[in-house]
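**Student:** My questions all concern the structure below.
We did not get these values from a lab; they are worked out from the coordinates using the rules stated. Small disclaimer: the values here were computed from a predicted structure and weren't measured. Note that we place each Cβ from the backbone using ideal geometry, even for glycine, and neighbour counts take in every protein chain shown.
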Amino acid sequence: MIPFVDTHCHIDTYEKHAKESFASLWERLDTKPEAMVHVACDPEDFEYAKNICEKYSFLYAAYGVHPSCADTFNDEIETKLRQYLSLPKTVACGEIGLDYHYEGPSREVQKSIFDRQLRLGLEMGKPLVLHLREADEDSLSILRKAPLSGAKLHVHCYTGNPEFATELLQLPAEVFIGFTGIITFKNAQNVRDAAKIVPINRLLLETDAPYLAPVPYRGKPAHSGMIPIIAEHLAAIKEISLESLMSACRENTRLCYGI
Ligand SMILES: [Zn+2]
């Protein structure tokens, strides 16, 4: 098996949702990732992320305030975010962005907090993990106004159509697009169509665990050991071998996250 990385998962949420500790999950995994990026999206969970990354050498973290709690962002949280973004095992700023699917903070609040964190991440020279859901126009308008030159973007858990992916790939940054178990869902043809047009050197593999487990595990808690299943589907979509797909994604992870 080619080494693989889960570029986006939520270990604390896995522990709660699956009622299993990370230590026990790690013990029982047959196919273990080489590394994992744990994403902390609520300031209350930042310390957990720091601690677990200190405990396991193969764990890295990303910190940001998710659009669903954008209304909690303030100066104090920005100061805290800066501190966590400066830690040695922090590989990215995020997930940040816009989510108009769920009823949450107002669009105006989401846009302003996305822009603020985007600029903070860019200023600190960190790759950005973007959560962009059903907000294509506003996302593009914020991204197009930001000083993206030299930046690395991971558009995580892609759920859009091929047209939005094309626009994102044209931004003046190194743009990577992450695909989860969603590409195995029957009703996700638009996401498979999008994957088809993303160049192989722009793909990332991620679970977004603990939700979105690929078929045939749909409904069960997702974990990083499921990456090879997602990779198999992505390889079929791209019409390349599983080995080529996995080694390309491994290299893309290095380029985006430096791990
Ligand atoms: Zn996530």
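**Student:** Given N residues in the chain, what is its alpha carbon radius of gyration divided by 2.2 N^0.38 Å?
**Tutor:** This ratio for the chain stands at 0.93.
**Student:** Order 194-200, 171-177 from most to least packed using the mean count of other Cβ atoms within 10 Å.
**Tutor:** 171-177, 194-200
**Student:** Treating cross-link reach as a plain straight distance, find the lysines whose alpha-carbon is under 24 Å from the alpha-carbon of LYS145, omitting any fewer than eight places away in the same chain.
**Tutor:** Counting by Cα, and skipping residues close in sequence, LYS145 has these lysines nearby: LYS111, LYS126.
**Student:** Can you compute the helix-only [θ] at 222 nm over the chain? Use -39500 (n - 2.57) per DSSP H run of at least 4 residues, normalise by all residues, nearest 500 deg cm²/dmol.
**Tutor:** Only helices count here, giving -12500 deg cm²/dmol.
**Student:** Same structure, new question: Go ahead and run the numbers for FRET between ASN201 and ALA236, Cβ-Cβ distance against an R0 of 22 Å, rounding to 0.05.
**Tutor:** 0.75
**Student:** Sticking with this one: What FRET efficiency, computed as 1/(1 + (r/R0)^6) with R0 = 25 Å and r the Cβ-Cβ distance, is obtained for GLU78 and GLN170, rounded to the nearest 0.05?
**Tutor:** 0.25
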